[in-house]
Amino acid sequence: MTASTATTSILDAEDVSARLLDSAAQLSYDPSEEVAWDEDLDPKLYGLNPEWSTLYGTDLWNEMTEDQRILLTRHEVCSIMSTGIWFEMILQQMVLRDQYCQDSSDSDFQFALTEIADECRHSIMFARACTKMGIKAYLPRRMSIELGRGFKALASAEAAYGGILVAEEVLDVMQRDWMRGENVLPLVRTTSKIHVVEESRHMTFARAQMRERIQGKSVGRRKASALVVAIAARIIVSNMVNKGVYEAAGLDVDRAVREAKNNAHHHMMMRTSSEHLMAFLHDCGLVTKPAEAIYKRLHML
C-alpha cells in the first residue's frame, strides 16, 4: 500500500465518521421518552415474531398451547436482549481501549464516544424491557463469559470491529422484522426500532474501521483475524437463546433443545440474517476455510 493510498483510506474513514456524527445529531432517541413504559402488556401478543422462535415449525411447537408460544417468545426475546447487553458491554470496553489517548479532534474519536453513549442507553433500555415483561436476565454460560473477558482484553483492530459487526448485523435483521410485527408487543417493536436506527450508524462505523485496519495486512494476519471473528460469532450466536427459556415455558427442556438444534426453519432464518455480514466478510478476505466451517456449523452460511 502506498503512502497516498493509506492517506486516502484515513481521510475516507474520517469522512464516514463525520457523516455519522451529523446523522446522530439529527436522528437519535431517548428510550425513557420514546417507549411507553407504563402501558400494560397485551397478553395475546408475542415477544418476537413467531417465525423467529427457535421452535417454530417443529413438532413441539405444533403441540404447544398459544399461551405457551407467547410465553416462550417473550423469554426468547429477553434472552436475546440479555445477550445483547452482555456483548454491548464488551463492545464499549473494546472501543474505549481502541480510542485510548487518540486525537480527540478526530471525527473517529468523537463518533466512537457517541457509539458508546448509544450502547449505554440501549443496554438500559433492554434491561428495562425485560423487567417490564417480568423476566430476569439470562446470563451467558460461564465458559462464554470467560472467553468474552479474553476477547475484550486482547482483540484489536479488524478482529475487534469484526466481532462487533457480527453481533450487530445478526440482531439487526431480526429486529427489522420485530419492529414491523403486528402480533408483537409494542414494547418490543419500539425498542427494536430505536436499536435498528441507531445501530445502522454503528455498523457503518465498524465496516469503515475494518476496511481501514485490514488494508495492506499480510495473508497470515487475515487468516488469524478471520478465525478470531468466527470464534466470536460462535460465542455470540450460541448464547442468544438460553435453554432456560424452555423450562420457563413449561416444556421438556431436553426435547426442546434437541428440536431447536435440528430446526431447519430456524437454520434458514439464521442464514437469511447473516447474508449481508457474510458478503462483507468475504469482501474483506475474512472468510477462510476454518472460519467457513464455524459459520456453517452456526447455520450462518
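The values are calculated or read from the model by the stated rules, or taken from the named source; none is laboratory data. Source: prediction; values computed, not measured. No Cβ is skipped: glycine too gets one built from the backbone with ideal geometry, and neighbour counts run over all protein chains shown. For the accessible areas, the whole protein counts, side chains as well, though only heavy atoms, and no ligand, DNA or RNA atoms are used. Shrake-Rupley method; radii C 1.70, N 1.55, O 1.52, S 1.80 Å.
Here is how the numbers come out for the structure above:
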| quantity | calculated |
| --- | --- |
| Some residue of the stretch 142-158 being at pLDDT 95 or above and among the β-branched types (Val, Ile, Thr) | no |
| Members of the stretch 270-286 found to be more than 15 Å from the chain's Cα centre (by Cα) and not charged (D, E, K, R), listed by number | ALA279, PHE280, LEU281, HIS282, CYS284, GLY285, LEU286 |
| Residue match in the stretch 243-251 (condition: closer than 23 Å to MET81 by Cα, of a type in the set (Phe, Trp, Tyr) and more than 18 Å from the chain's Cα centre (by Cα)) | yes |
| Residues of the stretch 231-255 satisfying the condition of being open to solvent by less than 20 Å² (accessible area, probe 1.4 Å), over 22 Å from LYS152 (Cα atoms), in a helix (DSSP H, G or I) and of a type in the set (A, V, I, L, M, F, W, C) | VAL245 |
| Filter result (among the aliphatic types (A, V, I, L, M) and in a helix (DSSP H, G or I)) within the stretch 158-179 | ALA159, ALA160, ILE164, LEU165, VAL166, ALA167, VAL170, LEU171, VAL173, MET174 |
| Of residues in the stretch 191-212 being surrounded by fewer than 21 Cβ atoms within 10 Å (Cβ to Cβ) and of a type in the set (Val, Ile, Thr), the one farthest from SER28 (Cα to Cα) | THR204 |
| Those residues of the stretch 258-274 which are part of a helix (DSSP H, G or I) and open to solvent by less than 60 Å² (accessible area, probe 1.4 Å), in sequence order | GLU259, ALA260, HIS265, HIS266, HIS267, MET269, MET270, SER273, SER274 |
| The stretch 85-110 - residue that is within 14 Å of GLU199 (Cα to Cα) and modelled with pLDDT under 95 and, of those, farthest from the chain's Cα centre (by Cα) | GLN92 |
| Total residues in the stretch 29-57, condition open to solvent by 20 Å² or more (accessible area, probe 1.4 Å) and small (Gly, Ala, Ser) | 3 |
| Qualifying position, being in contact with a Phe, Trp or Tyr (Cβ under 8 Å, 6 or more places away or on another chain), modelled with pLDDT of 95 or more and not aliphatic (A, V, I, L, M), among HIS299, HIS266 | HIS266 |
| Residue match in the stretch 25-47 (condition: within 22 Å of the chain's Cα centre (by Cα) and closer than 17 Å to ASP177 by Cα) | yes |
| Selection status of VAL228, in contact (Cβ under 8 Å) with a residue 24 or more places away in the chain, assigned to a helix (DSSP H, G or I) and more than 20 Å from MET300 (Cβ to Cβ) | no |
| LYS217 closer than 26 Å to LEU48 by Cα, basic (Lys, Arg) and either in contact with a helix residue (DSSP H, G or I) (Cβ under 7 Å, 6 or more places away or on another chain) or open to solvent by 10 Å² or more (accessible area, probe 1.4 Å) (or both) | no |
| Pairs, first open to solvent by 70 Å² or more (accessible area, probe 1.4 Å) in the stretch 282-301, second of a type in the set (A, V, I, L, M, F, W, C), C-beta under 9 Å, six or more apart | PRO290/ALA226; PRO290/LEU227; PRO290/ALA230 |
| Conditions (1) modelled with pLDDT of 95 or more; (2) hydrophobic (A, V, I, L, M, F, W, C); (3) more than 23 Å from LEU147 (Cα to Cα): number failed by VAL241 | (3) |
| Residue check for GLN26: without any contact (Cβ under 8 Å) to a residue 40 or more places away in the chain, open to solvent by 10 Å² or more (accessible area, probe 1.4 Å) and in contact with an Asp or Glu (Cβ under 8 Å, 6 or more places away or on another chain) | no |
